[in-house]
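What follows is calculated from the coordinates using simple rules that are stated; it is not laboratory data. Bear in mind the structure is a predicted one, so any value in this text is a computation, not a measurement. Because the Cβ atoms are built from the backbone with ideal geometry, glycine has one as well, and the counts that use them run over all protein chains shown.
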Amino acid sequence: MTKRILVVEDNDLNRKLFCDVLQAGGFSVEPVADGNLAIEAARAFTPNLVVMDIQLQDVSGLDLISILKHDADLCEVPVLAVTAYAGKGDEQRIRESGAEGYLAKPVSIGPFMAAVRGLVDGAPKAVAS
Ligand code: MN
């Protein structure tokens, strides 16, 4: 079954890039440009993963992640945070918000898809030794 990914990103070029790459990778994507609509969209789309830009208009991606992680219906959905600012402590703050994954912009396609697949597929299976 096709996995669904919600892409919350206010930058038009980045949003299109993420969506194009994910669709090429066989995912069904739902783009969200306005962070205010992200939670509503997550409820409607029931994604297998949320890609969340941290720097949005009006709202903080960190706050949106926190809302998702405190929502009984959405808390199990993994979140991959992307941020332009990878300053000291940023990764810590993002992890504390509840995001399972984190990438600093500019995001390269290889690491992006690896992170996406890792989160969509869940915990790595034990490897027989
Ligand atoms: Mn942004």
**Request:** Apply the Karplus parameterisation 6.51 cos²θ - 1.76 cosθ + 1.60, with θ equal to phi minus 60°, to every residue of the range 65-78 and state each ³J(HN,Hα) to the nearest whole Hz, in sequence, with x for glycine and proline.
**Result:** 4, 4, 4, 4, 6, 9, 9, 4, 7, 10, 5, 7, 6, x
**Message:** Connecting C-alpha atoms closer than 10 Å in a GNM of the chain, tell me which of Ala81, Ala41, Ala24 has the biggest fluctuation.
**Reply:** Ala24
**Message:** Only counting other Cβ atoms within 10 Å, I'd like Tyr102, Tyr85 sorted with the fewest neighbours first.
**Reply:** Tyr85, Tyr102
**Fill in**
If the chain between Glu40 and Asp63 were fully extended at 0.36 nm per residue, the gain over the current Cα-Cα distance would be 6.8 nm
**Prompt:** What ranking of Phe45, Phe18, Phe112 emerges when the number of other C-beta atoms within 10 Å of each C-beta is taken as an exposure proxy, fewest first?
**Reply:** Phe45, Phe112, Phe18
**Message:** Can you give me the orientation-averaged projected area of the convex hull built on the Cα atoms of the chain, in nm²?
**Reply:** 8.7
**Message:** Can you pull out the trypsin sites (Lys or Arg not before Pro) in the range 19-125 whose DSSP state is coil and whose Cβ has at most 16 other Cβ atoms within 10 Å?
**Reply:** Lys88, Lys125
**Item:** Contour minus Cα-Cα distance for Ala114 and Glu91 (0.36 nm per residue)
**Value:** 6.5 nm
**Prompt:** Gaussian network model of the chain, Cα springs within a sub-10 Å range: biggest mean-square fluctuation belongs to which of Val51, Val107, Val82?
**Reply:** Val107
**Item:** Ranking of Lys3, Lys16 by count of other Cβ atoms within 10 Å, fewest first
**Value:** Lys16, Lys3
